[in-house]
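Novice: First, the structure itself, so that you have it in front of you.
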Amino acid sequence: MADPRFYTVAGPLPLGKLAGIAEAEIIGNGDPGKQISDVAPLQTAGSEHISFFDNNKVYREAFAETGAGACIVGRGVETPTGGGMALLAVDDPHRGYALVAHAFYPAMDANMEPQAEPVDATAKLGPGVAIGRGAVIGRGARLGANCRIGANAVIGPAVEMGEDCIVGPGATVRYCLAGNRVRIAAGVRIGEDGFGYVSAAKGHLKVPQLGRVLIGDDVEIGANTTVDRGSGPDTTIADGVIIDNLVQIAHNVTIGRNTIIIALVGISGSTTIGDNVVIGGQVGIAGHVTLGDGSKIMAQSGIMADIPPGALFVGTPAVPQRDYWRQTVTLRRLAKRKPSER
């Protein structure tokens with residue numbers, strides 16, 4: 001369920017209406033009159049929620065264990081337990097979910113409405129908070145003691161930040177709950193839309209992004225870095241993480257404690273990064289992969305599969321460092337040979 005501090009839900013809606021919106025067929029004993037209160041991820045959905053399932057490799061276990069009251073699935077998929085979950089069968093479950101999510105959240109940009117005063121009257125500011133010229137503090141935002149907000153920065157509605165936080169000039173923080181001593185440099189963008197679309201021949205359908213960004217204590221985020229909010233699950237940055245300038249962190253990414261990420265890294269959606277990981281500059285990481293605790297990725301590597309804990313990987317596609325240097329030496333030797341010797 002989306003955080004009501006940030007999102008206003010239009011439900012409940014009857015299952016039959018949702019099936020029509022999703023262009024779906026209700027399979028089995030689903031009651032068209034059943035009231036559904038909201039959309040939710042498979043992992044957290046309850047009997048009053050509707051979810052979707054479209055990636056058997058990644059979400060098979062979550063689908064088998066979900067408590068969702070209804071689920072949008074591809075044609076031919078069966079209820080995993082044969083129990084009470086209603087199935088809505090469609091050709092494209094992701095598209096069906098996007099249509100349903102739009103029905104529950106038709107006014108996604110409501111918190112972008114202009115406010116009369118730079119600091120909204122409902123905002124709560126702790127003692128010693130300093131706000132620079134031109135900064136905006138949104139409705140219901142909460143800033144702990146001694147926070148410093150730079151000139152022209154924007155703290156969005158309902159955002160919460162702990163004590164001794166610093167937000168640099170021109171930065172924007174939305175859909176975010178942050179801990180203490182968080183340092184956000186100039187130009188950072190936190191909580192903007194994740195890159196979620198369903199593409200087809202007739203165009204691109206935007207998938208509502210209904211999660212948050214959760215930031216722990218003692219986190220530093222460098223200039224012009226972007227951290228997208230989650231699509232349903234949250235984007236999470238744990239305590240002690242250090243992020244350099246110009247890093248892109250996509251929706252639903254989880255970053256473990258004390259991890260260091262150097263400049264120009266791109267992290268795709270739903271990636272899980274463990275504790276004490278070091279990621280070199282200009283690394284690209286594909287979605288839905290896991291980097292184990294203590295692993296290290298050398299600069300300009302391309303990560304396309306899971307990395308074991310404590311491993312050192314390099315190259316594109318990345319391989320263990322020892323394998324990479326063996327491959328490099330072999331290629332050099334082959335390049336030096338005469339054509340007749342090859």
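Each value in this text was obtained by applying a stated rule to the coordinates, not by laboratory testing. Quick caveat: nothing in here was measured; it's all calculated off a predicted structure. Methodologically, a virtual Cβ is constructed for each residue, glycine included, from the backbone with ideal geometry; neighbour enumeration extends over all protein chains shown.
Novice: Decide, for region 1-58, between rounded, prolate and oblate: order the square roots of the alpha carbon gyration tensor eigenvalues as a ≥ b ≥ c, take rounded if a/c falls under 1.5, and otherwise choose prolate if a/b is larger than b/c, else oblate.
Specialist: oblate
Novice: While we're on this one: What list of ³J(HN,Hα) couplings, whole Hz, do you get for region 23-39 from phi and the Karplus terms 6.51, -1.76, 1.60, once you set θ to phi - 60° and write x for glycine and proline?
Specialist: 6, 10, 10, 6, 9, x, 9, x, 8, x, x, 4, 8, 10, 8, 5, 8
Novice: Using the crude model of +1 on Lys and Arg Cβ and -1 on Asp and Glu Cβ, and no other charge, please compute the dipole size for the chain relative to its Cα centre, in debye to 20.
Specialist: My answer is approximately 1500 debye.
Novice: With springs only between Cα atoms under 10 Å apart, run a GNM on the chain and tell me which of Ile303, Ile273, Ile21 wobbles the most.
Specialist: Ile21
Novice: Taking 7 Å along the Cα-to-C-beta vector as the label spot, tell me the Leu312-Arg326 distance in nanometres, rounded to one decimal.
Specialist: 1.6 nm
Novice: Sort Lys124, Lys336 so that the residue with the fewest other Cβ atoms within 10 Å of its own Cβ comes first and the one with the most comes last.
Specialist: Lys336, Lys124
Novice: If I model a spin label at Arg5 and Thr272 as a point 7 Å from the Cα along the Cα→Cβ vector, what separation in nanometres do I get?
Specialist: Output for this residue pair reads 2.6 nm.
Novice: Follow-up. Select from Phe195, Val119, Gly132 the residue farthest towards the positive end of the dipole of region 93-212; place +1 on Cβ of Lys and Arg, -1 on Cβ of Asp and Glu, and compute about the Cα centre.
Specialist: After comparing all options, I get Phe195.
Novice: While we're on this one: When the chain is fully extended, how far beyond the present Cα-Cα distance does Asn55 get from Asn29, taking 0.36 nm per residue of separation?
Specialist: That works out to 7.0 nm of additional length.
Novice: Tell me the mean residue ellipticity at 222 nm calculated for the chain from its helices only (DSSP H runs of n ≥ 4, each -39500 (n - 2.57), averaged over every residue, nearest 500).
Specialist: Calculated mean residue ellipticity at 222 nm is -4000 deg cm²/dmol.
Novice: Around Ala200, what is the net charge, scoring Lys/Arg as +1 and Asp/Glu as -1 over all other residues with Cβ under 11 Å from its Cβ?
Specialist: 0
Novice: So between Ala335 and Lys17, what do we pick up on full extension, going 0.36 nm a residue minus the alpha carbon distance?
Specialist: Full extension from Ala335 to Lys17 adds 108.0 nm.
Novice: Net charge within 15 Å of Ala238 by Cβ-Cβ distance, Lys/Arg positive one each and Asp/Glu negative one each, not counting Ala238 itself?
Specialist: -4
Novice: Now a separate question. Mind telling me which of Glu220, Glu192, Glu117 comes out most flexible in a GNM of the chain, alpha-carbon contacts under 10 Å?
Specialist: Maximum among the listed residues: Glu117.
Novice: Taking the Cα atoms of region 175-342, what is the range of coordinates along each of the three principal axes, in descending order and whole Å?
Specialist: Cα extents, longest axis first: 63, 46, 28 Å.
Novice: So how strong a dipole does region 181-335 carry about its Cα centre when Lys and Arg Cβ are +1 and Asp and Glu Cβ are -1, to the nearest 20 debye?
Specialist: 540 debye
Novice: Arranged by the count of other C-beta atoms within 10 angstrom, fewest first, what order do Val314, Val253 take?
Specialist: So the ranking, lowest neighbour count to highest, is Val314, Val253.
Novice: Which FRET efficiency value, to the nearest 0.05, is calculated for Ala121 and Glu192 with the Förster distance at 22 angstrom and r the Cβ-Cβ distance?
Specialist: That gives a FRET efficiency of 0.30.
Novice: Straight-line reach from Lys17: which lysines fall under 28 Å, measuring Cα to Cα and dropping same-chain residues less than 8 apart?
Specialist: The reachable lysines, counting only those whose Cα sits under 28 Å from Lys17, are Lys34, Lys202, Lys206.
Novice: Tell me, what HN-Hα J-couplings in whole Hz come from the Karplus equation 6.51 cos²θ - 1.76 cosθ + 1.60 at θ = phi - 60° for each residue of region 61-72, using x for Gly and Pro?
Specialist: 5, 5, 5, 5, 9, 5, x, 4, x, 8, 8, 8
Novice: Additional query: If you take every DSSP beta bridge whose two residues both sit in the chain, what share of them, in percent to the nearest 5, is antiparallel?
Specialist: Percent antiparallel among DSSP bridges in the chain is about 15.
Novice: Once you order the gyration tensor axes a ≥ b ≥ c over the Cα atoms, which shape class does the chain get: rounded for a/c under 1.5, otherwise prolate or oblate by comparing a/b with b/c?
Specialist: Note, shape of the chain comes out oblate.
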